[in-house]
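The structure appears right after this line, and notes come after that.
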Amino acid sequence: MKRFYRYPSGAQFVDGVTTFSLWAPGAESVELVLYGSAAGKAETRLALQSREDGFHSAQLPGLKPGDRYRYLVNSGQLVPDPASRFQPEDVHGPSEIVDPRSYEWQQERWNGISWEECVLYELHLGTFTGEGTFAAAEKRLSHLRQAGITAVELMPVSDFSGRRNWGYDGVLPYAPDSSYGRPEELKRFVDAAHGLGMAVFLDVVYNHFGPDGNYLWLYAPDFFTHEVSTPWGDAIDFRKSPVRDLFIHNAIYWLEEYFIDGLRLDAVHAIHDPSDEHFLNQLARTVHSSIAGGRQVHLVLENDRNESRYLDPGSANGFTAQWNDDFHHVAHCLATGESGGYYADFAADGRMLLERSLAEGFVFQGESSPFRGGETRGEPSAELPPTAFVNFLQNHDQVGNRAFGERLTQLGDPPLIELLICIQCLAPHIPMLFMGEEFGATVPFQYFCDFHDELAAAVREGRRREFASFPQFRDPEARSRIPDPNASETFARSKLRWEELDTDAGAARLELYRSLFAVRCECLVGRMGGAKILSRDAASEFEVVHLTWALADGSLWSVCYNLSGRGEQMPGADDPGVLVFAHPAGGEGELAAGRVTARTVAAFRREGGDDS
């Protein structure tokens, strides 16, 4: 099977004819510069035909995949194709003509997995393995599947400046970064995952472009608006149809041409769009109507505003779920005792807020945030099913945005971390792990990039200024110890050490996750759709909590946890059901008698609802 998505811009190679199209309403002239298969001396220059809609285009026979090209704007500046499929020489170099049909897909009958089946695993391709490539990551897929992971979520792969980056500085959204390998190797990675029964999600960035390699301002200044300023400069102007089209087609491109199963949209709160139909609504509607054959495709948001209006898992036009930062922040405060920065909103009543997050999704549902100076945040979420929320204890942001990138394993109380792991995985929300978390990785994940000269200095100093308000970094000498994002050592320090998997601690943590995911597979998958919280009981100032959800098949699912250091009576139902999991082991007798031993988590299943 071959897959090809033809989008309205870029270079489309079909039956030996290549169609070039560039939206450049601010350019008086655009020429196509052809190089052959290497970017040496230009072989051909051809003027593109301008159109009234701002596009410049041409059709050329005789070119072949592997040929390289750039655009010459106003006879002065050579630029890459903003819709390039591949950049073999990085963001400032020529683009490459790609024939998507050259890859023969092996898992042609793959139709995706249900959202309920998803156990997400976020990874950064450059640091997941020593080699940092698609091919090397492919070799680790069987480990993930054996651990119980069902869906790999890749941090952004769109072409960025240099050889190392988190991915959020991408500037060419259609081109997988060449530092990870060629497009065919990413397809082979996805194909291999599907062969193991695993879905692949991709993180995409539609709220800004990186600071190096974006030339849109030169020939399409209307792509941005001076009316709204963002941390990255002028905001993208989503009122313009060609602007929307670039991103909406990009979403469908990844889902169709690369057989990706789901997208995570980065920081959508930074998307400014006053249009009658918000860009997000149009994107969701268009994606769902474009994917044929009953394929299960999922759209997930990161949205600091907690806007539940976008979450409609049962709708053909809504988003499936949102990353739940609130759950993370509460759990982090409980595990570490930290209360600085935005953790101040979650530290004082952490045990109560954990119960609220598990029962209702968001902690902030319109309440004022002291950290934000009293600004209200969030919308009501209690009526949403638990599957509308992706819960995590670590992710790239929450680890990497610390000054030294420490993981939770370096910061928190180990037994309490294990209890929070059990709570996260046993609740009928969608769990997500950050790479290495399955074996308790201890390596940091630090902020890294590969900029040079003035930009490198600005990024380095800007990074250190971010922490100047923290007491431990008020001294300039202390700030100077914060790792330089541009140093190769910062990147190397962030690579997983797979030998940790073979330690006693690594093996024990992996076995805990395996047992938890086995329980999810047996007891929750296929029953979580439309699940609703039925009861929520707490005692000892929310240290002991008993939550019960009604599942789709009429059964009840209960999770009871005791965060205290003493045994407690189980609050709530006298008969919680059949015990299916308890951690740590050894307290089953107490649980049968209605008591929960100190620092214990237990899950119960009761068939047939209230009448069983």
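Can you pull out the GluC sites (Glu not before Pro) in segment 1-86 that DSSP calls coil and that have at most 15 other Cβ atoms within 10 Å?
Loop-located and lightly packed - Glu28, Glu43, Glu52.
About its Cα centre, segment 454-612 has a charge dipole of approximately 640 debye under the convention of +1 per Lys or Arg Cβ and -1 per Asp or Glu Cβ, with nothing else charged. Reducing segment 481-513 and segment 1-78 to their Cα centroids gives an inter-centroid distance of 43 Å.
Estimated at 0.36 nm per residue, the fully extended path between Glu131 and Trp105 surpasses their Cα-Cα distance by 6.9 nm. For segment 10-102, the fraction of C-alpha pairs farther apart than 17 angstrom is 43 percent.
Per-residue ellipticity at 222 nm from helix content only, as computed over the chain with -39500 (n - 2.57) for each DSSP H run of at least four residues, stands at -7500 deg cm²/dmol.
Quick check: residue separation of Asp304 and Glu461 times 0.36 nm, minus the Cα distance between them. What number comes out in nm?
53.9 nm
Estimated from the Cβ-Cβ distance and a Förster radius of 22 angstrom, the FRET efficiency linking Glu477 and Leu411 is about 0.40. What list of ³J(HN,Hα) values in whole Hz, one per residue of segment 563-576 in order, does the Karplus curve 6.51 cos²θ - 1.76 cosθ + 1.60 (θ = phi - 60°) give from phi, with Gly and Pro shown as x? Listing the rounded values in order: 8, 7, x, 9, x, 9, 6, 5, x, x, 4, 5, 10, x Hz. Summarising the strand pairing of the chain, around 70 percent of its internal DSSP beta bridges are antiparallel. By the count of other C-beta atoms within 10 Å, a proxy for reagent exposure, Arg356, Arg85 are ordered fewest to most as Arg356, Arg85.
Hey, with R₀ at 22 Å, roughly what FRET efficiency would Ser289 and His269 work out to, going by the Cβ-Cβ distance, to 0.05?
FRET efficiency, Ser289 to His269: 0.30.
Fewest neighbouring Cβ atoms within 10 Å first, the residues Asp349, Asp397 line up as Asp349, Asp397.
Look at Met198, Met352 and count the other Cβ atoms within 10 Å of each Cβ; fewest to most, that gives Met352, Met198. Relative contact order of the chain: 10 percent, from C-alpha pairs under 8 Å at least 6 residues apart in sequence.
Among the listed values (i) 154; (ii) 198; (iii) 165, the one computed from these coordinates for volume of the Cα convex hull per residue in Å³ is (i).
Each residue, Lys2 and Thr503, gets one label point 7 Å from its Cα in the Cβ direction; the gap between the two is 5.0 nm.
No value in this document is a laboratory result; all are computed from the given coordinates. It should be emphasised that the depicted structure is a prediction, and the values quoted were computed from it without experimental measurement. Note that we place each Cβ from the backbone using ideal geometry, even for glycine, and neighbour counts take in every protein chain shown.
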